[in-house]
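Here the structure comes first, spelled out in structure tokens, and everything after it is commentary.
The values are calculated or read from the model by the stated rules, or taken from the named source; none is laboratory data. Remember, predicted model here, so these are calculated numbers, not experimental data. In this analysis, Cβ positions are derived from the backbone assuming ideal geometry, glycine residues included, and neighbour counts consider all displayed protein chains. To get the accessible areas, we keep the full protein, side chains included, count just its heavy atoms, and leave off ligands, DNA and RNA. Shrake-Rupley method; radii C 1.70, N 1.55, O 1.52, S 1.80 Å.
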Amino acid sequence: MDVTIRLKKNLEGFTLDVHWVSREGIVVIFGPSGSGKSMTLQAISGFSPMDEGYIRVGERVFFDSFATIDLPPQRREIGYLPQNYALFPHMTVRQNILYGHQAPGPAAEEFHEMITLFQLEGLENRYPKELSGGQKQRVALARALMRKPRILLLDEPLAAVDISVRKMIRTELKLLQRKLGIPMILITHDLSEALALADKLIIYEQGRVVQEGEPMEIIKHPLNERVSELLGQITIHTEPVFSF
């Protein structure tokens, strides 16, 4: 499913001005803090209004400043996974996953599908404080997918996870995207994470796209010295880049 993004927003001391297209798989937006990564996710989700631009996912137009289209967040059919997972501490795994679901009948069947898909059997009645970091992440993903979103947005999804389980979760995310077939857009400032997950890598700096393409091609052939500097700021861990 194609994703087309063209965004422009002027703020005091900062301008976001980006344009990119993705045709499949996982898009990873990589760049330093303050480069516009989170603002891009917020724009796609409908929580950060843009001055001008265009957002299309498949055949659905979320935003078109020229045509005066600007769908509210609840109509964009987006799954969103924030950095801290935002699970409700007073709710069980079951209640968190089912939160906001409007159809009791179908919800029961879909809930069991999610529990099986994310290997959460036996944890349905536990509270977030009783879960590991990886389990919390899977609960948050299950909740995000219960509404059958058109697109899944992930904001630094592994930042709060112990390094020992990151490799496992990276593999799970790749397999999940292949299984569901919906586009995923993930932001990170961790280069090893970007290389492990990205089908397409987009490098941001100061509100601009400075290079985009297949991850290893960018590593081998950075567009200019500045891209080399950005990539060189972070040590690449010796973990395999998964290919499916």
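Net length available on complete extension from Y127 to K220 is 28.9 nm, with 0.36 nm assigned per residue and the Cα-Cα distance removed.
On the full set of protein chains, 1.4 Å probe, figure out the accessible area of S132 and give it in Å² to the nearest 10. Solvent-accessible area, nearest 10 Å²: 60 Å². Over the residues of the chain, the helix contribution to mean residue ellipticity at 222 nm works out to -10000 deg cm²/dmol, using -39500 (n - 2.57) for each DSSP H run of at least 4.
Solvent-accessible surface of the chain, taken per residue with a 1.4 Å probe and all protein chains present: 49 Å². Once you divide the Cα radius of gyration of region 1-137 by 2.2 N^0.38 Å, the number left is 1.26.
Ranked from largest to smallest solvent-accessible area, with a 1.4 Å probe on the protein heavy atoms, H101, H221 come out as H221, H101. Counting only protein heavy atoms and using a 1.4 Å probe, the accessible area of T68 comes to about 120 Å².
In the complete set of protein chains, residue-level accessible area for F47 is approximately 150 Å², probe 1.4 angstrom. From the P(r) of the chain, can you give the percent of Cα pairs sitting at distances over 23 Å? Value for the chain (Cα pairs over 23 Å): 51 percent.
Please identify, among E193, E59, E205, the residue showing maximal mean-square fluctuation in a Gaussian network model of the chain using a 10 angstrom Cα cutoff. Greatest mean-square fluctuation among the candidates belongs to E59.
In debye, nearest 20: dipole of region 135-232 around its Cα centre with unit charges on the Cβ of K, R (+) and D, E (-)?
760
Computing the accessible area with a 1.4 Å probe over protein heavy atoms, can you report the carbon and sulfur percentage for the chain? List each step's numbers first, then the result.
Details: 6080 of 12000 Å².
Heavy-atom surface of the chain belonging to carbon and sulfur, 1.4 Å probe: 51 percent.
Would you work out if region 1-65 is rounded, prolate or oblate? Take a ≥ b ≥ c from the square roots of the eigenvalues of the alpha-carbon gyration tensor; rounded if a/c is under 1.5, else prolate when a/b is larger than b/c, oblate otherwise. The shape class here is oblate.
FRET efficiency for R94 and D2, Cβ-Cβ distance as r, R0 = 45 Å, nearest 0.05? It would help to have the intermediate numbers written out before the result.
Values: r = 35 Å, r/R0 = 0.79.
Approximately 0.80, to the nearest 0.05.
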